[in-house]
Structures are given as structure tokens and as C-alpha cells.
Amino acid sequence: MDINIDDILADLDRDTTAVGSTPAPAGDDTTRLDDSAATVAADYSTLVTHWCNERVAPELLPYPHTLMARVLARLAAQIEHLETLSTGVLEQTLDRSAKLPLLCMEAELERLKFVVRSLLRCRLGKIDRFGLYLRQLDARSPGALQTLLSAQERVYYERHSAILLKLFNNAILRHMPAEMQAVDDTEGSVSMIDEPEWARFVFLYVREPAPDAPDPLLAVDDHGQPCYSVNIPELGEVVDLAVGGIYIMRYNVIKDLLMDGKVVLI
Amino acid sequence: MYGDVANKLVLEAKRTDHLANGSATLQLPMFQDEMVRVILKEVSQLQRNAEYLKLQEDSGKLSKCQYFVTMLCMERNKRCLLAYQKTRSEILDAIAWENNGLDTMDLLSNKGHDSGNLSPYEQEYLREYSQLISDLTAGELMDIDLAGSLTPPSDVFIDVRVLKDAGEIQTEYGVFNLIKDSQFFVRQADVERLIQQGYLQKL
């Protein structure tokens with residue numbers, strides 16, 4: 001097969017950018033990660049970053065609303081595009097050279113679908129685990145769930161907690177004495193609300209800030225390297241995280257940096 | 001002794017967990033209705049004890065301690081019961097996901113382990129949860145195939161062997177007649193569901 005791989009890649013580029021020209025829906029950005037220009041490649045790498053962060057972080061991270069809207073819209077458009085292409089190809093000769101780019105695009109599409117699927121399933125798993133904690137969060141600061149969860153996730157969360165509670169009530173709780181029927185009792189010897197493990201150790205990579213937007217938090221360490229300073233409360237120690245470095249830290253120490261997109265979890 | 005039965009129930013929950021994680025196919029042992037009932041009875045007995053102890057006005061340290069231990073026992077029993085039910089509900093969740101929210105009741109009975117292993121409330125839960133999943137996957141997220149495989153895709157096309165007759169399937173590359181023991185080279189996305197349902201085996 002003597003096909004130049006560059007041609008195929010160029011082909012793919014053209015196709016994906018053509019789809020990428022769909023106007024991105026405007027909306028409020030929830031995380032700093034969303035700020036980057038909405039090019040296709042940048043969106044993909046941001047998506048992968050979100051995916052890694054979500055898989056490693058012990059808590060549920062805010063849902064990247066605008067990013068996901070863009071990705072899903074492009075995905076749908078690309079599927080449609082592929083369908084028209086493939087029917088066109090089939091009607092012509094079944095020539096291998098015409099099918100290969102198509103195959104590449106399908107493989108790419110499957111990969112993207114996998115990343116999105118894995119991200120969403122991971123989030124659903126966390127929603128199940130921290131159902132009661134989320135309820136508590138919602139009661140404490142109403143509206144917090146609006147940014148934390150997507151619309152579908154909210155529906156899922158509401159319905160799943162409802163049927164789970166029904167199961168518990170029917171099977172066990174209604175046979176209990178009245179004062180012991182709560183599922184979110186924090187007064188007893190063990191709190192019934194499962195909180196994320198804030199102090200879990202995570203691996204992190206310190207990102208370089210964008211060159212045109214210098215970061216006020218950035219300090220310079222003893223070796224003249226740019227770095228972020230974090231305070232570890234239980235040791236009473238201040239640690240410098242050099243830009244470009246890889247560290248292991250407790251999650252609660254670097255949580256703020258993660259939310260600002262200054263570090264990524266790996 | 002108070003708490004003994006609850007201990008047994010916790011061991012049962014542990015066994016359930018091992019059984020589900022150890023084998024390739026998800027399975028759920030019998031719901032321990034009897035044990036749950038005994039524990040609930042124990043709780044109401046403890047409750048009566050606690051009320052009696054509370055009424056003892058002239059109580060010294062001894063009966064206060066007795067009261068406290070009684071409360072602890074009740075709380076522990078409740079915790080064990082909920083843990084048992086939670087373990088089972090998590091396995092039910094996994095079963096529902098694996099079947100893509102299809103009517104899991106039929107599948108359960110087809111696979112041999114009949115739904116008699118589930119308590120009536122669990123059956124209801126499974127039905128409702130399956131409904132939730134199929135609603136979720138059919139909505140805006142249809143393209144993603146949310147219940148699909150969670151291992152990263154490697155090839156678009158794969159070799160599959162047919163384990164059970166499944167009739168004809170229509171794909172954009174033509175029609176396949178799935179007869180037992182035959183082999184096909186097909187697009188993975190087209191047959192994902194059949195692999196999950198055990199009709200096909202990936203080679």
C-alpha cells in the first residue's frame with residue numbers, strides 16, 4: 001500500500017476543522033481550563049486533562065459545561081459526516097485507498113467516544129458514591145450542584161438517590177424505631193455521610209502559565225526557578241512547586257491550584 | 001448475644017462482594033431474608049430494653065452504661081443492615097449497566113440464576129434503575145454509547161467468533177448471518193452489544 005501518511009493526516013485535519021467551524025454555544029465558563037481558545041486540538045487536550053483529573057481526584061470535579069457542549073456537538077456532526085462519506089464510498093468502487101482515510105477517521109472517532117464515555121462513567125460512579133455528601137453540599141450552598149453537575153447528571157443523581165432510598169426504606173429503615181430511620185445521621189458514633197478522601201496522595205504536574213498572562217501567584221524559588229508556594233498545614237511547612245515539576249502531594253493541599261488549572265493530575 | 005447475627009450478615013455481604021468481583025459474570029447470592037428479619041427483631045427488642053432503662057430514674061452509673069451499650073448495639077445493627085443492602089444494590093447497579101438498561105429481569109432468568117435471589121424490593125429497584133440507565137443513554141448522550149466498553153478501543157475492525165445463533169445483523173458493510181461457530185471480521189462498534197450479551201466472542 002503506497003499511500004502517503006501525510007495525505008491522510010491532511011485529509012483528517014481538513015475534515016475535523018470543517019466540523020469545528022460550528023459556532024460554540026456561549027455560556028458561563030466554570031473552570032479556568034475552559035478559557036483556552038476553542039480550537040479542536042486544544043479542546044481535545046483539555047478534555048483529556050479533565051478526564052485524567054477526574055479519574056485521579058478523590059472528589060467530584062466541576063463539570064466542564066461549555067467544553068462538553070462543544071465536544072458533543074462536534075462528535076454528532078462528525079458521525080453524520082462519516083455516514084455520508086461512507087455511503088458515498090460504498091457506492092463507488094471498493095478501492096482500498098479510498099477506505100483507509102475513512103478507517104482512520106472511524107478509529108479516531110471511537111477513541112474520542114471512549115474518552116467521553118469513560119469521563120462520564122467515572123463521574124456517575126462518584127455521584128453514586130458521594131450521593132449523601134452531595135445532598136449535604138446542596139443544602140449548605142444551594143445552586144452548587146448547578147455548576148458541579150450537568151443537566152443529565154442532575155437528573156440521574158436525583159432519580160438514583162430516590163430509588164436507592166426507597167429500597168433502604170422498604171427493606172430496612174421502616175422496620176426500625178422512629179429515631180433511627182435517618183440515612184444521613186452524623187450524630188451517632190460513625191457519621192453516615194461518606195466524604196471524599198481529601199487527604200489522599202495524588203501525582204501532579206505543574207503547568208506553565210500562558211506567556212501573555214503572567215500569574216501573580218507565581219514566585220521565584222531559591223534556585224531562581226518560577227514556582228507556586230503551597231502550605232502543608234499538618235507539617236506547618238511551605239513547599240515550592242517548580243513549574244514543569246512532578247510532585248506527590250495530598251489532594252487538599254493542591255486543590256485550589258487544580259481548580260485554577262495551574263496544576264494537572266497525572 | 002446481641003450483634004452476632006449482624007456479624008454473620010456482614011460476612012455474607014463480604015462473600016457477596018467476593019463472589020461478584022471474583023468471577024467474570026456478575027452474580028448475586030440469595031437475599032438473606034431470615035437474617036435481616038432476626039436482626040430487625042433484635043433491634044426492636046433492644047429498643048424496648050432502652051426504653052425500660054430510660055425509665056429507671058434512680059439509676060446509677062451501671063444502668064446508664066447499660067443504656068449506652070444498648071444504643072450502640074442498635075446503631076451497629078442498623079449499620080450492618082444498610083451495609084448489606086448497599087453492597088447488593090451496587091452489584092445490581094453493575095448488572096443493570098452491563099445489560100445497558102435493557103429489561104434485566106428477563107436476562108436474569110435466562111441466565112439460569114433466577115430472580116428468586118432478589119428480594120421483591122430489590123427487583124423493583126433493579127427495574128427502576130435499568131429504566132433510569134436506558135433513559136440516560138437514550139437521551140442527548142446517545143452517540144457516546146454510555147454503557148459501552150470501558151477498555152480503550154484499539155482497532156475499528158475485529159475478528160469475532162459466534163458462540164450462539166443470533167440470526168442476521170445488518171451493518172453498513174453488509175449483512176452477516178450469525179451461525180454458531182462461524183467467524184467474522186466486523187466493525188467493533190457494530191457488534192459491541194452482541195459481545196456484551198455473550199453471543200459473540202472477540203478473538
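Within region A:105-121, track down each residue that is in contact (Cβ under 8 Å) with a residue 40 or more places away in the chain, at the interface with chain B (Cβ under 9 Å from one of its Cβ atoms) and not aliphatic (A, V, I, L, M). Give the derivation first.
Residues of region A:105-121 that are in contact (Cβ under 8 Å) with a residue 40 or more places away in the chain, as a first pass: A:105, A:108, A:112, A:115-116, A:118-119.
After this cut, where a residue has to be at the interface with chain B (Cβ under 9 Å from one of its Cβ atoms) as well, the list is A:115-116, A:118.
Of everything in region A:105-121, just one residue is in contact (Cβ under 8 Å) with a residue 40 or more places away in the chain, at the interface with chain B (Cβ under 9 Å from one of its Cβ atoms) and not aliphatic (A, V, I, L, M), namely A:S118.
Collect the residues in region A:218-235 that are open to solvent by less than 80 Å² (accessible area, probe 1.4 Å) and in a strand (DSSP E or B), keeping them in residue-number order. Break it down into steps so the answer makes sense when it comes.
Initially, region A:218-235 is screened for residues open to solvent by less than 80 Å² (accessible area, probe 1.4 Å), giving A:218-219, A:221, A:224, A:226-230, A:232.
Of everything in region A:218-235, those that are open to solvent by less than 80 Å² (accessible area, probe 1.4 Å) and in a strand (DSSP E or B) turn out to be A:A219, A:P226, A:C227, A:Y228, A:S229, A:V230, A:I232.
Take the residues of region B:1-24 that are β-branched (V, I, T) and out of contact with any Asp or Glu (no Cβ under 9 Å at 6 or more places or on another chain): which is least open to solvent (accessible area, probe 1.4 Å)?
Among those residues, the one meeting the criterion is B:T16.
Looking at (1) open to solvent by 10 Å² or more (accessible area, probe 1.4 Å); (2) among the β-branched types (V, I, T); (3) modelled with pLDDT of 90 or more, find the lone condition where A:I127 falls short.
Going through (1) open to solvent by 10 Å² or more (accessible area, probe 1.4 Å); (2) among the β-branched types (V, I, T); (3) modelled with pLDDT of 90 or more one by one, A:I127 breaks only (1).
Scan region B:70-78 and give yes if some residue there is without any contact (Cβ under 8 Å) to a residue 60 or more places away in the chain, part of a loop (DSSP other than H, G, I, E, B), in contact with a helix residue (DSSP H, G or I) (Cβ under 8 Å, 6 or more places away or on another chain) and not assigned by the TED database to the domain that holds B:Q197, otherwise no.
No: region B:70-78 contains no residue that is without any contact (Cβ under 8 Å) to a residue 60 or more places away in the chain, part of a loop (DSSP other than H, G, I, E, B), in contact with a helix residue (DSSP H, G or I) (Cβ under 8 Å, 6 or more places away or on another chain) and not assigned by the TED database to the domain that holds B:Q197.
Listed here are the residues, each with its yes/no results for (1) surrounded by 13 or more Cβ atoms within 10 Å (Cβ to Cβ); (2) on the phi < 0 side of the Ramachandran plot; (3) modelled with pLDDT of 80 or more.
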{"site": "B:S119", "(1), (2), (3)": "yes, yes, yes"}
{"site": "B:A147", "(1), (2), (3)": "yes, yes, no"}
{"site": "B:S154", "(1), (2), (3)": "no, yes, no"}
{"site": "B:Y173", "(1), (2), (3)": "yes, yes, no"}
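Might you check whether a residue that is at pLDDT 80 or above, of a type in the set (D, E, K, R), surrounded by fewer than 18 Cβ atoms within 10 Å (Cβ to Cβ) and not in a loop (DSSP other than H, G, I, E, B) occurs anywhere in region A:178-189? Explain how you work it out, then say what you get.
First, the residues of region A:178-189 that are at pLDDT 80 or above: none.
No; the residues of region A:178-189 include none that is at pLDDT 80 or above, of a type in the set (D, E, K, R), surrounded by fewer than 18 Cβ atoms within 10 Å (Cβ to Cβ) and not in a loop (DSSP other than H, G, I, E, B).
Return the residues of region B:120-160 that are within 7 Å of chain A (Cβ to nearest Cβ), outside any loop (DSSP other than H, G, I, E, B) and hydrophobic (A, V, I, L, M, F, W, C); say none if nothing qualifies.
B:L132, B:L136, B:I144
Considering only region A:236-255, I want to know if a residue exists there that is assigned to a loop (DSSP other than H, G, I, E, B) and more than 24 Å from the chain's Cα centre (by Cα). Lay out the reasoning, then the answer.
Taking region A:236-255 and keeping what is assigned to a loop (DSSP other than H, G, I, E, B), we get A:236, A:243-245.
This time we only want the ones that are more than 24 Å from the chain's Cα centre (by Cα), so: A:236.
Yes, region A:236-255 has at least one match.
So the check is Cβ under 8 Å with 6+ separation or different chains; which pairs have a first residue in region B:29-45 that's at the interface with chain A (Cβ under 9 Å from one of its Cβ atoms) and a second one that's surrounded by fewer than 16 Cβ atoms within 10 Å (Cβ to Cβ) and not in a helix (DSSP H, G or I)?
B:V43/A:P177; B:S44/A:P177
So how many residues does region A:167-188 have that are without any contact (Cβ under 8 Å) to a residue 12 or more places away in the chain and facing chain B (nearest Cβ under 7 Å)?
Of the residues in that region, 9 qualify.
One residue is enough: does region A:207-218 have a residue meeting the conditions at pLDDT 85 or above and either within 28 Å of the chain's Cα centre (by Cα) or within 11 Å of chain B (Cβ to nearest Cβ) (or both)?
Of the residues in region A:207-218, the ones at pLDDT 85 or above are A:207.
Next cut, either within 28 Å of the chain's Cα centre (by Cα) or within 11 Å of chain B (Cβ to nearest Cβ) (or both) only: A:207.
Yes: region A:207-218 contains one or more residues that are at pLDDT 85 or above and either within 28 Å of the chain's Cα centre (by Cα) or within 11 Å of chain B (Cβ to nearest Cβ) (or both).
The values are calculated or read from the model by the stated rules, or taken from the named source; none is laboratory data. Predicted, not measured: the structure shown is a model, and the values here were computed from it. Neighbour counts run over all protein chains shown; Cβ positions are idealised from the backbone, glycine included. Ligands, DNA and RNA are excluded from the accessible area calculation, which covers all protein heavy atoms including side chains. Shrake-Rupley method; radii C 1.70, N 1.55, O 1.52, S 1.80 Å.
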